[in-house]
Amino acid sequence: MKHNILVIGGTGKTGRRVAENLTASGHNVRIGTRRTTPTFDWEDHSTFAPALKGIDRAYIVYYPDLAVPGAKEAITALTEAALKEGLEKVVLLSGKGEAEAEACEEIVANSGLNYTLVRASWFNQNFSEGAFRDSILAGQVALPMPEAEIPFVDASDIADVVSKVLIDDSYNGETITVTGPRKMTFKALAEAISAGTGRTIQYVPISIEAFKEGMKAAGLPDSYVWLFGYLFKEVLGNPENQTVSNDVERVLGRKATDFSEFVANTVAEGTWNQSLAD
């Protein structure tokens, strides 16, 4: 059976991959962003109903993070609109070990909609498509929490899991935790990228305050500075965030992508070949 599916954030790290998977499987995919028609804007709740019209399933990615003020109100408004539009099911991308994210999960779980929750660890792609790509290009990764051991997860694994549970109703009501197959420190991560690229990527441990000051100096908004400070202190400092799950293998029947595989794929794509001067 083919579905009409709204992919919110369908141009982002996971949303783009989910949309590609679903389109390849023959489903009708609508991308929900501020630049699409119909428009979807998390800050304008009046856009929710038009974006959901004619849709029977939806992938929900809240930007920038479920921890930020206003997320709970937006998720509440979205689930109410989805229920009114007659959606069969939603899948929410959530954060592993985030209390605020869990509050949003409760809203979805109590909405009256069929649902699956997908809790993700830190993405591998933060270092190839996201905030820390420039650090890799510059050859130095300066981040807090040197002692944290993180089971970095590949965005493609998240997307493959989401694509399956969106369609397969046997996962209704479940919480799926997606991680990579092993835990790594930032130092080990830098060493793995160094080995894969043949370049020296240095990890420099810094305090959370120094990291936040660097973000402010770079001109980033206060809301982003707060968010990254929160993610490092509350999320990476949470022991729950430093455990490996086998849910990727359970859902997909294959092992989760190892960080070394991600490095090899990224090197092959040439993502880290560009210099900052280009």
* So how many residues does the stretch 47-73 have that are more than 19 Å from Arg119 (Cβ to Cβ) and out of contact with any strand residue (DSSP E or B) (no Cβ under 8 Å at 6 or more places or on another chain)? -> 7
* To do: Six or more apart or on different chains, Cβ under 8 Å: which pairs go from a residue in the stretch 184-212 that's under 25 Å from Thr243 (Cα atoms) to one that's acidic (Asp, Glu)? Could you list them?
  => Met184/Glu149; Thr185/Glu147; Thr185/Glu149; Tyr203/Glu191
* For Gly15, are the conditions met, namely being surrounded by 16 or more Cβ atoms within 10 Å (Cβ to Cβ), in a loop (DSSP other than H, G, I, E, B), touching a strand residue (DSSP E or B) at 6+ places or on another chain (Cβ under 6 Å) and among the small types (Gly, Ala, Ser)? -> no
* To do: Would you point out which residue out of Glu43, Glu106 is within 19 Å of Glu174 (Cα to Cα), at pLDDT 95 or above, under 21 Å from the mean Cα position of the chain (by Cα) and surrounded by fewer than 20 Cβ atoms within 10 Å (Cβ to Cβ)?
  => Glu106
* Asked: How many residues, within the stretch 162-187, are in contact with a Phe, Trp or Tyr (Cβ under 9 Å, 6 or more places away or on another chain), part of a helix (DSSP H, G or I) and of a type in the set (A, V, I, L, M, F, W, C)?
  -> 4
* Evaluate the stretch 64-82: report whether one residue or more is within 19 Å of His3 (Cα to Cα) and not polar (S, T, N, Q). => yes
* Structure fact -> Matching residues in the stretch 121-148 (under 15 Å from Arg182 (Cβ atoms) and modelled with pLDDT under 95) number 3
* Structure fact -> The number of residues in the stretch 79-97 that are part of a helix (DSSP H, G or I), in contact with a Ser or Thr (Cβ under 7 Å, 6 or more places away or on another chain) and either of a type in the set (A, V, I, L, M) or surrounded by fewer than 22 Cβ atoms within 10 Å (Cβ to Cβ) (or both) is 1
* To do: Give the stretch 208-263 a look and list any residue that's outside any helix (DSSP H, G or I) and closer than 30 Å to Lys164 by Cα, or say none.
  => Leu236, Asn238, Thr243, Val244, Ser245, Asn246, Gly253, Arg254, Lys255, Ala256, Thr257, Asp258
* Asked: Across the stretch 202-231, which residue is surrounded by the fewest Cβ atoms within 10 Å (Cβ to Cβ) among those that are in contact with a Lys or Arg (Cβ under 9 Å, 6 or more places away or on another chain) and closer than 19 Å to Gly139 by Cα?
  -> Pro205
* Which one of Ile167, Ile201 is of a type in the set (A, V, I, L, M, F, W, C) and within 30 Å of Ile5 (Cα to Cα)? -> Ile167
* **Residue satisfying all of: in the stretch 220-254; of a type in the set (D, E, K, R) and within 19 Å of the chain's Cα centre (by Cα); farthest from Val68 (Cα to Cα) among these** => Glu249
* Structure fact -> If we keep only residues of the stretch 159-180 that are among the small types (Gly, Ala, Ser) and in contact (Cβ under 8 Å) with a residue 40 or more places away in the chain, then the residue nearest to Lys13 (Cα to Cα) is Ala159
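The values are calculated or read from the model by the stated rules, or taken from the named source; none is laboratory data. Just so we're clear, the structure is a prediction, and the values are computed from it rather than from any experiment. Methodologically, a virtual Cβ is constructed for each residue, glycine included, from the backbone with ideal geometry; neighbour enumeration extends over all protein chains shown.
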